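First comes the structure, then the notes that go with it.
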Amino acid sequence: MLSNSLPKDAALRTRALQVIPGGMYGHLNVARLPAGYPQFFARAEGATLWDVDGNAYVDFMCAYGPMILGYGNREVEEAAAAQRALGDVLTGPSERLVELAEKLVGMVAHADWALFQRNGTDATTLCVVIARAATKKRKILVASGAYHGSAPWCSPNPIGSTAEDRAHLVHYDYNDVESLLAAAKSVEGDVAGVIASAFKHDYGKDQEMPTKAFAQAVRKLCDDTGAALILDDVRAGFRLDLGGSWQTVGVKPDLAAYSKAIANGYTLGAVTGCDKFREAATTVFMTGSFWCGAASMAAALKTLEIFQRDNTIARIETLGNRLRNGLAAQAKSHGMVLKQTGPAQMPTVLFADDPEVEKGRLFTQEALRGGAWLHPQHNMFLSSAHTEADIDKALQATDAAMAVVKKSFGRD
Ligand code: PMP
């Protein structure tokens with residue numbers, strides 16, 4: 001059980017407000033979460049986080065996705081440390097660059113080549129640049145409400161960017177073939193690419209897997225027009241299918257963006273591409289001082305090796321289903337209706353009839369008090385480091401939390 005007050009966290013927030021605009025930025029700012037969520041963490045191990053006040057939580061956010069094999073995974077840490085001892089950021093790349101590209105080309109179904117960056121935004125942005133370079137066209141079709149990063153062309157918050165930054169985006173609705181074709185028609189002759197997330201995982205919404213009809217329609221549109229099919233696999237990559245997330249619907253993208261789970265927490269982004277886009281990828285100027293960091297690449301090589309060796313995805317799915325089934329049984333016994341959407345490895349859990357997320361916020365706030373770090377609106381993440389005991393401990397917290405929601409709101 002947690003104490004309600006977080007004195008060290010509060011003191012750090014006060015200091016942060018002096019030297020960090022807003023105290024914290026982006027998705028890691030807990031201001032939009034219910035009261036009681038700590039902002040600052042002291043350490044982590046396996047699937048457990050400790051805040052600076054010493055409270056432990058079973059973490060169902062996994063650093064918003066990068067953690068997949070457990071915080072401090074011994075094998076990954078040893079691989080990264082061994083590389084760091086040899087050299088990390090150097091005057092040129094290490095052998096790890098070639099090894100990692102070979103590894104991805106062998107693993108990812110559509111990939112004939114790979115390029116590396118630091119973050120997911122680097123990777124999605126580079127895909128768009130390569131698509132435009134290859135096609136000499138301008139328009140990028142993008143699903144309404146989808147998140148592809150924090151750069152001016154795609155940030156969900158337009159403050160600080162210009163209309164011109166987004167002038168060549170055309171919106172369609174995910175899984176809606178008609179809207180996709182209408183978007184393409186509206187800019188006929190000028191489509192450079194279509195970007196689609198692995199599945200619809202928009203903030204605060206029920207998640208939706210891609211339909212085969214939709215994925216095939218995107219493929220056909222790109223084949224007919226020469227546009228690039230860009231799969232944004234930053235969030236879902238390596239949690240659904242090691243060959244790429246649209247292997248689940250039998251469709252190969254031309255370009256795919258990866259980051260998050262690729263190196264179990266080490267900073268790395270990757271773009272994979274097919275031969276048709278190799279020439280364009282050769283011509284665009286792209287670089288970053290830290291893009292060839294060899295320790296991250298060594299961590300990625302070990303992480304990918306473990307995925308293949310241990311059938312990690314199946315393990316994570318089993319754990320996700322344990323959580324999902326437990327929550328479903330609790331909802332039933334408390335007479336509440338829960339909407340659990342998306343793959344079990346990346347669940348979104350929302351209450352029915354909860355437009356202001358009042359039930360969801362109370363539920364997660366109470367669960368946090370019981371030691372389970374859940375998110376009221378964002379999709380969550382399971383890892384292979386969650387144990388059955390972790391899930392069961394979290395389920396105890398959610399059972400108590402659901403009782404409080406029931407008491408406060410009655411039957412939903
Ligand atoms: N695409 C998707 C689907 C994402 O979920 C994210 C990050 N949440 C990004 C791109 C951007 O990645 P990053 O935050 O590493 O720049």
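The values are calculated or read from the model by the stated rules, or taken from the named source; none is laboratory data. This structure is a prediction, so every number in the text was calculated from the model and none was measured. Neighbour counts run over all protein chains shown; Cβ positions are idealised from the backbone, glycine included. Ligands, DNA and RNA are excluded from the accessible area calculation, which covers all protein heavy atoms including side chains. Shrake-Rupley method; radii C 1.70, N 1.55, O 1.52, S 1.80 Å.
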- Task: Name the residue, out of Gly244, Gly87, Gly326, whose mean-square fluctuation peaks in a Gaussian network model built on the chain with Cα pairs under 10 Å.
- Result: Gly87
- Full-extension gain in nm, Thr14 to Ala35, via 0.36 nm per residue minus C-alpha separation: 6.0 nm
- Note on the structure: Sorted on mean Cβ neighbours within 10 Å (highest first), peptides 52-61, 309-318, 376-385 come out as 376-385, 52-61, 309-318
- Mind pulling the angle between the C-alpha long axis of helix 294-310 and the longest principal axis of the chain? Nearest 10 degrees, somewhere in 0 to 90. 70 degrees
- Whole number in Å², please: accessible area per residue of segment 74-310, 1.4 Å probe, ligands, DNA and RNA not counted. 42 Å²
- Message: Nearest 10 degrees is fine. How inclined is helix 95-107 to the longest principal axis of the chain, computing both from alpha carbons?
- Response: 90 degrees
- The aspartates and glutamates whose Cα lies under 18 Å from the Cα of Lys8, excluding any fewer than 8 residues away in the same chain, are Asp51, Asp53
- All aspartates and glutamates inside 12 Å of Lys136 as judged from Cα atoms, apart from same-chain residues fewer than 8 positions distant: Asp190
- Message: If I histogram all Cα-Cα distances within the chain using bins 10 Å wide from 0, what percent of pairs lands in each bin?
- Response: 5, 21, 30, 27, 14, 3, 0
- Query: With a Cα-only, solvent-free Debye model of segment 1-60, what are the log10 I(q)/I(0) values at q = 0.23, 0.24, 0.29 Å⁻¹?
  - Reply: -1.02, -1.09, -1.35
- Message: Taking the full set of protein chains and a 1.4 angstrom probe, give the accessible area of Lys393 in square angstrom, rounded to the nearest 10.
- Response: 90 Å²
- Any chance you could run the full-extension gain for Asp353 through Trp113? It's 0.36 nm times the residue separation minus the Cα-Cα distance, nm to one decimal. 81.7 nm
- The helix 74-86 Cα axis meets the longest alpha-carbon principal axis of the chain at an angle in degrees, between 0 and 90 and rounded to 10, of 50 degrees
- Set of aspartates and glutamates with alpha-carbon distance to Lys276 below 13 Å, sequence-local pairs under 8 removed: Asp112, Asp223, Asp254
- Note on the structure: For the chain, averaging the sequence separation of alpha carbon pairs under 8 Å that lie six or more residues apart and dividing by its residue count, the contact order in percent is 22 percent
- Task: Compute the distance in nm between two label points, each set 7 Å from the Cα along the Cα-to-Cβ direction, one at Lys185 and one at Arg138.
- Result: 2.2 nm
- Item | FRET efficiency, Asp176 to Glu75 (Cβ-Cβ, R0 51 Å, nearest 0.05) | 0.75
- Note on the structure: Links exceeding 20 Å between C-alpha atoms in this model, out of Lys137/Lys212; Lys103/Lys200; Lys332/Lys407, come to Lys137/Lys212; Lys103/Lys200
- Item | Portion, in percent, of the accessible area of segment 74-310 that falls on carbon or sulfur, probe 1.4 Å | 53 percent
- When the charge dipole of segment 1-140 is computed with +1 on Lys and Arg Cβ and -1 on Asp and Glu Cβ about the Cα centre, the Cα farthest towards its positive end, among Phe60, Gly23, Ser94, belongs to Gly23
- Note on the structure: Taking 0.36 nm per residue of separation between Glu102 and Met286 and subtracting their Cα-Cα distance, the length gained on full extension comes to 64.2 nm
- Message: Using protein chains only and a probe of 1.4 angstrom, how many square angstrom of Tyr203 are accessible, to the nearest 10?
- Response: 80 Å²
- Message: Need the C-alpha centroid separation for segment 19-74 versus segment 261-292, integer Å.
- Response: 28 Å
- Query: Given a 1.4 Å probe and the protein chains all in place, what does the accessible area of His110 round to, in Å² to the nearest 10?
  - Reply: 10 Å²
- Alpha carbon convex hull of segment 74-310, projected area averaged over orientations, nm²: 13.0 nm²
